[in-house]
Amino acid sequence: HLLDAMAREAGQRHAHALIAEVEEDSHLFETMRTAGYAVYARQEIWRRLPEAAPLPVHSGIRVVEETEADAIRVQSLIAQVVPRLMQPFVTPNEDMDGWVYHQDGRVQAYIGVVTGKQGIFLRPFIHPDLYKEAPGILSNLISKLTRADRLPVFICVTRFLDWMQSTLEELHFLPGPRQAVMVKHI
C-alpha cells in the first residue's frame, strides 16, 4: 500500500517514474516486483576502508574538478557509456561534486562525489577504452578527497562498468552488496 501511495503522490507531482535501488536478496525486492517495478540494471557497491594499503601513484594522470565548460562533454561521455535504456535513470546526481579526466580535448571520465558523515560515495562514468588508465584516474581522485584517509570510500559500479572489477581490486576495494535498479513508470 505504501508503494502504491508513493506512486500516486509522484504522479500528482508530474513524475514519470519512480526509481529504487534494492538489494537483490532482500524481501523488498519481491514486494517491489509485485508492485510493478521492473529491473532495469544491476549494480554493486564496492568499499575501500581508510586503513587499506596506500594507493598506487600513476604519473601523468590528473583528475580535475568539473567546470561549466565540461557540461556538454560530460553528457556526451554518458551517452557513450550508459546504455540508452538506462540513461534517464543512471546519471550524475546534481548534489554530487563532479570530477573529470580529459584526454585529447575530450572528457573521458566523470566521477560524481558525495561526502557524508559515514563515508564518501563515488559514481563513476569512465569510457571503457580507458581500462588501463582507470586505476590512475580513481587513485588520483581519491588522493584529492580531503577525508578519504579517515572515511571509507564507496563506489557504485553498474553492470555496464563491470570491466572495472580488476581496477577496484588493485585499489583495495572490497565487493559489497549487489543491488537491482528498479523502475516503475507512472
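A simple spin-label model places the labels of residue 118 and residue 58 2.9 nm from each other, with each point 7 Å out along Cα-to-Cβ.
Between residue 185 and residue 97, the FRET efficiency from the beta-carbon distance, with R0 = 25 Å, is close to 0.25.
For the set 65, 44, 9, 51, solvent exposure ranked by accessible area (probe 1.4 Å, protein chains only) runs largest to smallest as 51, 65, 9, 44.
Expressed as a whole percent, the proportion of Cα-Cα pairs in the stretch 46-186 lying more than 28 Å apart is 13%. Excluding same-chain residues fewer than 8 positions from residue 144, which lysines have a Cα within less than 29 Å of its Cα? The reachable lysines, counting only those whose Cα sits under 29 Å from residue 144, are 117, 132.
In this structure, the amide hydrogen of residue 37, modeled 1.01 Å from its nitrogen in the peptide plane, lies closer than 5 angstrom to no residue at least 5 positions away or on a different chain.
Any idea what the relative contact order of the stretch 1-138 is, in percent, if you count C-alpha pairs under 8 Å spaced at least 6 apart? Show your work: numbers first, answer last.
Details: 120 pairs, mean separation 26.5, N = 138.
Contact order relative to length: 19 percent.
Hey, any idea what % of the stretch 1-127's accessible area is carbon plus sulfur with a 1.4 Å probe? Carbon with sulfur: 50 percent of the solvent-accessible area.
Of 95, 162, 104, the residue with the greatest mean-square motion in the GNM of the chain, using alpha carbon springs below 10 Å, is 104. For the pair residue 21 and residue 169 in one chain, pulling the backbone fully straight at 0.36 nm per residue adds 50.9 nm over the alpha carbon distance. Between the DSSP loop rule and a limit of at most 15 other Cβ atoms within 10 Å, which trypsin sites (Lys or Arg not before Pro) in the stretch 124-186 are left? Here the trypsin sites (Lys or Arg not before Pro) that fit, given the DSSP loop and packing criteria, are 132, 147, 150.
The values are calculated or read from the model by the stated rules, or taken from the named source; none is laboratory data. Everything numeric in this text was worked out from a predicted model, so none of it was measured. Methodologically, a virtual Cβ is constructed for each residue, glycine included, from the backbone with ideal geometry; neighbour enumeration extends over all protein chains shown. With ligands, DNA and RNA removed, areas are computed over all heavy atoms of the protein, side chains included. Shrake-Rupley method; radii C 1.70, N 1.55, O 1.52, S 1.80 Å.
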